[in-house]
Each structure stands twice: as C-alpha cells, then as structure tokens.
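The values are calculated or read from the model by the stated rules, or taken from the named source; none is laboratory data. As the structure is a prediction and not an experimental result, all values here were calculated from the model. All Cβ positions, even for glycine, are placed from backbone atoms using ideal geometry, and neighbour counts span all protein chains on display.
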Amino acid sequence: MSRWLHKLERIARPLDVPHVFPAIVAGQTFFYLVSLLGLFDESRLWFSWAAVFAGEWWRLLTFLVAPPNVHWVWFAFAVSCLFSLGNALAQEWGTPRFNLFILLGAVLTISAALLSPNEPIGSGFIAGTIFLAFAYLNPNYIFQIYFIFPVRAKYLALLTLFLYTLAFVSGGMATRLSVIAALGNCAVFLGPQLLADLRGGRRQLAFRARQKAAHREAAAAGPRHVCVVCGKSSDTHPHEDFRYRADDRCYCSEHLRAPLAGASAEAGR
Ligand SMILES: [Zn+2]
C-alpha cells in the first residue's frame, strides 16, 4: 500500500462509524417514497449556498439523502445497484476509508458549489464516484444490466466517463459540479494507484519491446547451428545435440558419424 493511502487511512481512523452508507441509502429511499406520495418536497433537501446563507443550514447535510428525481422503476434499480456497490467497496477498503471517501465527495461537492451558489445540488455525485471507484478496482466484474445483459464494469465505466464528458460540456452548472466532485474524489483515492498502474504499464511495454527486439535480432542472425548434411537447425530442433567435427562443420547427432560432408558429397556423385 502506498504512503498516500496510509496517510488517508490515518485521517480516516476517527471515521470508523458503521452504517453511514446504509443510512444514506435508506434516507434516499425514505425521502423518495414520501416525495412520491406527495407528502414531502424533496427540493428542500437539496444543497445551495444561497439557501444555507438564508438560514437553511441543514442543507449542508441533507443533500446526501436527496433522492434522484427519476421514475420509480429506475430508482429501485439504481438504489439497489448503489447499495451493493457501496457495500463491496466498503468491504474492500474498510469502513473508515470508505466513509472518508463519501465525506470528501460531499466536501468537494459543497466546495464546487461555491462557483454557482444559486444552483441546487442533490446526491448525484455519490452514485457516480462509488461506481467509478468500484469499476477501477474491479474492472472485470460483470454487471447484469436489467438482470439480462452481462457487461463488464470497465466498459460501463468508460461509458460513464463518456456521458460525464457530454454532461460537463452541455449540462447545467449543477451537473458540472457533480461531475467535478465525483471525478475529483476518485482522483484523490485512486490517483496514486492509477499513476502506479500507468507507470507499471509503461515499464511492461518497454520490457516487451526489448524482448521483441532481442527475438528479432536472433531471428535475423539465423540459427546458431545447422547440420551440413540434413539442414536441421537449432531453431527447428531446439533439443538436438549439434556437434562440430574435424572439418569445423556442424552435424546433428544423427549425422555425427556420417562420412565428412565433403566426402559424402563426392560419394553421392
Ligand atoms: Zn543432420
């Protein structure tokens, strides 16, 4: 583990609070249901600096449990995905680091919101950042989209990054801020590993290139030994025992006892 992660771990130690993430998911589900029934206006959970300065300070926390504004079929699917991914990540990282991950995502979101104090922001960054982190750590994990189509996590992550780019270019300020927070959070937690992987990848490429060059040179130089009688070579018969005789020419084990090459050529005439 890198020094960076050790440092994160130390910062995160006091955050060893269980059930934070399940509580967030439960909160989102609860507020989704009561909003669906018309009992609550979910926009009262959203975060904006303008509202906080107007005295609605609870928004500094409640945006975490603001449900996404989507159809219930999609919500049920998204929330169950989010729950299992978050739990998987928490298991891989341990609760403190995972809690720090969510906390830092929230802080990034709140800080980025300074750029646009009037724009209300929900909890969109949580799903994005958890999904990307999970996909980076488990690139070959297979998701069953709608329980039917198997897709590897890395391809879904690439699609997510593509959609993020589109959203960033064409979306409103709130969308852009969520994108910045989700990606920034992943960069902090996965950046060192990402760099190490890239460096490792480059080293591996260089090693492979050197190996290839060596092979090419060997191939260009031709086989080390070639039997003058039958043409067997150390390339075609790597286990053959080639010997050199008094005439300083090469023979395979089969032709070692044959008359000397020059003599046999004359005998053949
Ligand atoms: Zn031979």
Hits in the stretch 71-118 - residues which are aromatic (Phe, Trp, Tyr), crowded, with 17+ Cβ neighbours inside 10 Å and in contact (Cβ under 8 Å) with a residue 40 or more places away in the chain: Phe75, Phe83, Phe98, Phe101
Of the residues Pro18, Pro68, which is modelled with pLDDT under 95, assigned by TED's automatic domain parsing to the domain that holds Ala174, surrounded by 13 or more Cβ atoms within 10 Å (Cβ to Cβ) and not in a helix (DSSP H, G or I)? Pro68
Just one of Ala218, Ala206, Ala196, Ala213 is away from the ligand (no atom under 16 Å from the Cβ), surrounded by 10 or more Cβ atoms within 10 Å (Cβ to Cβ) and modelled with pLDDT under 80; which is it? Ala218
How many residues, within the stretch 77-117, are of a type outside the set (Ser, Thr, Tyr) and farther than 22 Å from Tyr164 by Cα? 12
Are any of the residues in the stretch 229-240 assigned by TED's automatic domain parsing to the domain that holds Pro139 and either over 34 Å from the mean Cα position of the chain (by Cα) or of a type in the set (Ser, Thr, Tyr) (or both)? no
Residue that is nearest to Ala258 (Cα to Cα) [pool: residues in the stretch 221-230 that are within 12 Å of the ligand (Cβ to nearest atom) and touching a Ser or Thr at 6+ places or on another chain (Cβ under 6 Å)]: Val226
Here are some residues: Arg59, Arg44. Which one is surrounded by 13 or more Cβ atoms within 10 Å (Cβ to Cβ), charged (D, E, K, R) and either in contact with a helix residue (DSSP H, G or I) (Cβ under 6 Å, 6 or more places away or on another chain) or on the phi > 0 side of the Ramachandran plot (or both)? Arg59
Residue check, Ser233 within 14 Å of the ligand (Cβ to nearest atom), among the small types (Gly, Ala, Ser) and either free of Cβ contacts under 8 Å to residues at least 24 places away in the same chain or on the phi > 0 side of the Ramachandran plot (or both): yes
